Structures are given as structure tokens and as C-alpha cells.
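Input: a single structure, listed below in C-alpha cells.
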Amino acid sequence: MEYRTLLSVFDADIPLVRPLLSLWRADTESYCREHNLEPHFDASNADTAYFRNRLRHELIPELEKYNPRFKEALVRTAGALQAMLLFCRKCCKEAGRKLS
């Protein structure tokens, strides 16, 4: 997931911006408590029928038993992969090829 992206399905000119992408849920919940704000909880985020939620609620906590800093490692890996993807896209563009 990128911090800023254009989704032509919605609008080819207006970017989708995710300013809180680098924050953990605990950080945003703490901020809300400190500022007397009531966060919105989407019930679908707790439903393990969805694969993404099984990862969040079951697999990641299990992996954190082996490496308590697993989520931090995952963020670093995602950042490195994102940088490699951007590099590959640039190289393909220069070579006249398209990389999705």
C-alpha cells in the first residue's frame, strides 16, 4: 500500500492519500484518548472471515511470539520492496516496457 496513489477507478487526477499509514492502531487510539476523541471502529475489521483480518488477529500475534518486533520488521521489508518496485518501474519505463 502506498501513502499516495492515483486510482483511476475513482478519479485519475485526485490522489488517494493515506496520512496515517505509518501509525499503529495503538498510536491512534492513544491519541484519541489523550484528546477526548471517539474513534470509529468498523466491525468488519474484527471479522476473521476476511483474510486480512485473520492475518491481523491470528497470524501476526503468533509470529510476534517468535519475534516481538515482527511488525517493525514487516514495515522495513515492505519499504524495501516498495523501493525495489519503484526502481524496476523506472528501469522498465526507460527501456520502453510497462511493469504493473
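Checking SER22, SER8 one by one, the residue that is small (Gly, Ala, Ser) and under 15 Å from the mean Cα position of the chain (by Cα) is SER22 and no other.
Taking segment 73-99, which residues are in a helix (DSSP H, G or I) and of a type in the set (Gly, Ala, Ser)? Steps first, answer last, please.
In the first step, residues of segment 73-99 are kept if they are in a helix (DSSP H, G or I); the result is 73-95.
Matches in segment 73-99: ALA73, ALA78, GLY79, ALA80, ALA83, ALA95.
Restricting the search to segment 1-12, which residues are within 14 Å of VAL75 (Cβ to Cβ) and open to solvent by less than 100 Å² (accessible area, probe 1.4 Å)?
Taking segment 1-12 and keeping what is within 14 Å of VAL75 (Cβ to Cβ), we get 1-3.
The one that is within 14 Å of VAL75 (Cβ to Cβ) and open to solvent by less than 100 Å² (accessible area, probe 1.4 Å): GLU2.
Filtering segment 13-54 to residues that are open to solvent by 60 Å² or more (accessible area, probe 1.4 Å) and part of a helix (DSSP H, G or I) leaves ARG25, ALA26, ASP27, TYR31, ARG33, GLU34, ALA43, ALA46, PHE51, ARG52, ARG54.
Only one of LEU74, LEU81 is open to solvent by 90 Å² or more (accessible area, probe 1.4 Å) and under 17 Å from the mean Cα position of the chain (by Cα); which?
Values: LEU74 fails: open to solvent by 90 Å² or more (accessible area, probe 1.4 Å).
Going through LEU74, LEU81 in turn, the sole match is LEU81.
Taking every residue in segment 78-100 that is modelled with pLDDT under 90 and pairing it with any residue that is open to solvent by 100 Å² or more (accessible area, probe 1.4 Å) and assigned to a helix (DSSP H, G or I), at least 6 positions away or on another chain, the pairs with Cβ-Cβ distances below 9 Å are LEU99/LYS93.
Across segment 61-72, the qualifying residues are those that are assigned to a helix (DSSP H, G or I) and modelled with pLDDT of 95 or more, and the one among them that is farthest from THR28 (Cα to Cα) is TYR66.
The values are calculated or read from the model by the stated rules, or taken from the named source; none is laboratory data. Just so you know, these numbers come straight off a predicted model, no measurement behind them. When we count neighbours, we look across all protein chains shown, and the Cβ atoms used for this are built from the backbone with ideal geometry, even at glycine. We work out accessible area using only protein heavy atoms, side chains counted, and drop any ligands, DNA or RNA first. Shrake-Rupley method; radii C 1.70, N 1.55, O 1.52, S 1.80 Å.
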